[in-house]
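The values are calculated or read from the model by the stated rules, or taken from the named source; none is laboratory data. In this text, all values refer to a predicted model and were calculated from it rather than measured experimentally. Note: areas computed on protein heavy atoms with side chains; ligands, DNA, RNA excluded. Shrake-Rupley method; radii C 1.70, N 1.55, O 1.52, S 1.80 Å.
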Amino acid sequence: QVQLVESGGGLVQAGDSLRLSCAASGRTISTLAMGWFRQAPGKEREFVARITRGGLNTDYSESVKGRFGISRDNAKNTVWLQMNSLKTEDTAVYYCAAVAGDNWYRLRFTADVWGQGTQVTVSS
């Protein structure tokens, strides 16, 4: 079973950038589709971005499209989420997630494996 550990969260101002990392251990992520979700206080967890196991295809929620970028390096067993032009509404706990590669369509709604989350707070 793969374990996922997020890092890179913090407190930033609106308009700033942050890069989140998701380091995987226990097995290679090369056969897994990977993604990011977030959960703001009082709200349900929501999809942010996903990437296919080979990295050729990506998908984003409408709220982050054009501002966020997901990428991966299977050799480093790591996935990143580059977040630019941050807004106060991006404040949330961000979770790294994984599903078996053939099920990447599921990653828009749920995941098989979750990280523990990293807090991102954007102040105005």
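The relative contact order of the chain, computed from alpha carbon pairs under 8 Å that lie at least 6 residues apart in sequence, is 36 percent. Based on Cα contacts under 8 Å between residues 6+ apart, the stretch 74-124 shows a relative contact order of 45 percent. Fully extending the segment from GLU44 to GLU89, taken as 0.36 nm per residue of separation minus the present Cα-Cα distance, adds 14.8 nm.
Taking amide hydrogens as placed 1.01 Å from N in the peptide plane, the amide H of ARG72 sits under 5 Å from those of TRP80, each at least 5 positions away in sequence or on another chain. Taking all protein chains into account, the per residue accessible area for the chain stands at 49 Å² (1.4 Å probe).
Round to a whole number: what % of the accessible area of the chain belongs to carbon and sulfur, probe 1.4 Å?
47
For the stretch 36-41, the Karplus equation 6.51 cos²θ - 1.76 cosθ + 1.60, evaluated at θ = phi - 60°, returns couplings of 10, 10, 8, 9, 8, x Hz by residue, with Gly and Pro reported as x. Extension gain for the segment GLN116 to SER63, taken as residue separation times 0.36 nm less the Cα-Cα distance, is 16.8 nm to one decimal. Among SER124, SER85, SER61, the sequence by solvent-accessible area, most first, with a 1.4 Å probe is SER124, SER85, SER61.
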